[in-house]
1. Please build a GNM for the chain, connecting alpha carbons under 10 Å apart, and tell me which residue among Arg95, Arg144, Arg191 fluctuates the most.
2. Using a/c under 1.5 as the rounded threshold, could you call region 1-159 rounded, prolate or oblate? The axes a ≥ b ≥ c are square roots of the C-alpha gyration tensor eigenvalues, and prolate needs a/b larger than b/c, oblate otherwise.
3. On a straight-distance basis, which aspartates and glutamates could pair with Lys11 in a cross-link, Cα separation under 17 angstrom, same-chain partners fewer than 8 positions away excluded?
4. Between Asp149 and Arg29, what FRET efficiency comes out of the Förster formula 1/(1 + (r/R0)^6) with R0 = 25 Å and r the beta carbon distance, rounded to 0.05?
5. Could you work out [θ]222 nm for the chain from helices alone, using -39500 (n - 2.57) per DSSP H run of at least four and dividing by all its residues? Round to the nearest 500 deg cm²/dmol.
6. Give me the extension gain from Val54 to Glu182: residue separation times 0.36 nm, minus the current Cα-Cα distance, reported in nm with one decimal.
7. Hey, got the dipole for the chain? About the Cα centre, +1 on K and R Cβ, -1 on D and E Cβ, debye to the nearest 20?
8. Please identify which residues in region 105-138 have an amide N closer than 19 Å to a label point set 7 Å out from the Cα of Thr6, following the Cα→Cβ vector.
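Derivation of every value follows stated rules applied to the coordinates shown; laboratory data play no part. These numbers were taken from a predicted model, which means no experiment stands behind them. Cβ coordinates were reconstructed from backbone atoms using ideal geometry, including for glycine residues, and neighbour counts include every protein chain displayed.
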Amino acid sequence: MSDSATSLSLKASLAAWRSPLSRALHRNRSKPYSRYFQLATVHSDGRPANRTVVHRGFLPDTNALIFVTDQRSQKVQDNQSVSWAEVCWYFTETREQFRLAGRLLIIGRNYPETALTEARLTTWRNLSDATRQQFFWPHPGQPRGPESDFETKDIDPDQPPSTFCLGLINPDTVDHLELRGEPQNRTHYTRVDDQWQVSNLNP
Ligand SMILES: Cc1cc2nc3c(=O)[nH]c(=O)nc-3n(C[C@H](O)[C@H](O)[C@H](O)COP(=O)(O)O)c2cc1C
């Protein structure tokens, strides 16, 4: 496992872009869809892939965004170890876009680092029962099975199934575009040796 895949190397003080992103989440909180972002990855044949996922907060003491996903899904199969991803996140109330690019880590049941498997368990405990049920559905992306495959099950909130994965995105560049303002504002953040460099760009 490369060093960039350890929770030790994820540890970081609050990045400069966290404050504008927290502000956007707060100001757009009346819109439930403000918690959804688009996650772009690359298929194993080099083609782009994009989908919507739910933001589940940040891994404590890091700047890594959390989402949950299914081990059997294409995005996991395409990104088995450490790979790259970009998030695109638009907030409709405040009319601003964040693009966050960096390493994508998939933390499954056998991930070789206790701190991250514990984070996986904590996230599982915090999910609604309806969301947990989805991890017991039949294989995503395969031909639709009978209704009986989707029957509600009794689920142990302390025992995530092997299908359940934590996704972590650890950004190294962030581009923030604010449409409000005349002219618009665009701020670029780049991580260099664990320091964030901030620059104002033309929109
Ligand atoms: C509003 C919304 C929220 C979603 N949230 C998630 C999520 O948190 N995790 C997830 O794996 N898929 C989520 N999905 C489904 C994905 O967009 C996608 O269809 C699915 O994960 C399969 O993607 P893949 O084939 O690229 O792996 C969501 C879809 C929508 C429309």
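1. Its mean-square fluctuation being the largest, the pick is Arg144.
2. Numbers: a/c = 1.42, a/b = 1.25, b/c = 1.13.
In terms of gyration-tensor shape, rounded.
3. Correct list for Lys11: Asp3, Asp61, Glu113, Glu118, Asp172, Asp193, Asp194.
4. Numbers: r = 36 Å, r/R0 = 1.44.
After rounding, the FRET efficiency stands at 0.10.
5. On the way: 5 runs with 37 residues, N = 203.
The helix contribution divided over the chain gives -4500 deg cm²/dmol.
6. Additional length available on full extension: 42.9 nm.
7. Details: 24 positive and 23 negative charges, 108 e Å.
With only Lys, Arg, Asp and Glu charged at Cβ, the dipole is about 520 debye.
8. Only 105-108, 110-120 fall inside the zone, counting backbone N under 19 Å.
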